[in-house]
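The values are calculated or read from the model by the stated rules, or taken from the named source; none is laboratory data. Only a predicted model underlies this, so the values are computations on that prediction, with no experimental measurement involved. Cβ: placed from backbone, ideal geometry, glycine included. Neighbour counts: every protein chain shown. Heavy atoms of the whole protein, side chains included, go into the accessibility calculation; ligands, DNA and RNA do not. Shrake-Rupley method; radii C 1.70, N 1.55, O 1.52, S 1.80 Å.
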Amino acid sequence: IFWCFFEDYFSELSKFGQLEALHICDNLGDHMIGHVYAKFSEEEEAADALNVMNGRYYNGRKMEVEFSPVTDFREARCRDFDEDTCRRGGFCNFMHIKPVPICLIRDMEEDAEEERRREEIERMERRRKDDGRSRRRGERKGGERK
């Protein structure tokens, strides 16, 4: 289930821009359970993602999306958890980030980049067609006046 969620969320967020990080917490405390942290390369991309994703549903649960004050994930994560020695368990106040193989992340980044390129090409082709139609309409109107 986790891998499906990670892939779904990564794919969906990648539509807004390049993700620098996607961290999913494994904490159990009420104030951290279910938290997902995404860091985009551009603030505008993060704002677009927030506006679209907030209030959407995933697997029957409503998402509440907001900007986070966390700016440095290295400082927010539990080093003891990373070393498998955290004694506070899931109720630790530092982020227990679920590990994701780097090869999976790289593959998903490549797929997302390819998708963004394909969408940009489609947008450019649509603009070109729209510009051509506008010019033809203008020529027809101009021809009728003569």
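A cut-off of 5 Å between modelled amide H atoms, ignoring neighbours fewer than 5 places along the same chain, links TYR58 with MET63.
Roll a 1.4 Å probe over the protein chains and send me the accessible area per residue for region 61-107 in Å².
Working: 3760 Å² over 47 residues.
That works out to 80 Å² per residue.
In a simple Cβ point-charge model (Lys, Arg +1; Asp, Glu -1; nothing else charged), region 69-111 has a dipole of about 340 debye relative to its Cα centre.
Here the Gaussian network model covers the chain, with springs between Cα atoms less than 10 Å apart; of LYS129, LYS62, LYS98, LYS129 fluctuates the most. Near ALA76: Cβ cut-off under 14 Å, other residues only, Lys/Arg at +1 and Asp/Glu at -1. The net charge is -1.
Share of the chain's accessible area from carbon and sulfur, percent, 1.4 Å?
Roughly 47 percent of what the probe reaches on the chain is carbon or sulfur.
The charge dipole of region 10-146, taken about the Cα centre with unit charges on the Cβ atoms of Lys, Arg (+1) and Asp, Glu (-1), comes to about 1340 debye, rounded to the nearest 20. Sorting the segments 9-19, 37-47 by their residues' average number of neighbouring beta-carbon atoms within 10 angstrom, most packed first, yields 9-19, 37-47. Taking only the C-alpha atoms of the chain, the Rg (one decimal) and the largest Cα-Cα distance, Dmax (whole number), read 21.9, 86 Å. Taking the centroid of alpha carbons for each part, region 14-75 and region 94-119 are 14 Å apart.
Across region 52-68, coupling constants 3J(HN,Hα) worked out from phi with the 6.51/-1.76/1.60 Karplus curve, θ = phi - 60°, read 7, 7, 5, x, 6, 10, 10, 6, x, 10, 6, 8, 10, 9, 8, 6, 10 Hz, and Gly and Pro carry x. Dividing the summed -39500 (n - 2.57) terms of all DSSP H runs of n ≥ 4 by the residue count of the chain sets its mean residue ellipticity at 222 nm at -17000 deg cm²/dmol.
The modelled label-to-label distance between VAL65 and GLU83, using points 7 Å beyond Cα along the C-beta direction, is 3.7 nm. Here r is the Cβ-Cβ distance between TYR57 and TRP3 and R0 is 25 Å; the resulting FRET efficiency, rounded to 0.05, is 0.80.
Computed extension gain for HIS31 through GLU119, at 0.36 nm per residue and net of the alpha carbon distance, reaches 27.9 nm. Highest mean packing first, where packing is the average number of other Cβ atoms within 10 Å per residue, the peptides 81-92, 21-32 line up as 21-32, 81-92. Compared with the direct C-alpha span, the chain from LEU104 to ARG126 gains 4.6 nm at full extension, assuming 0.36 nm per residue.
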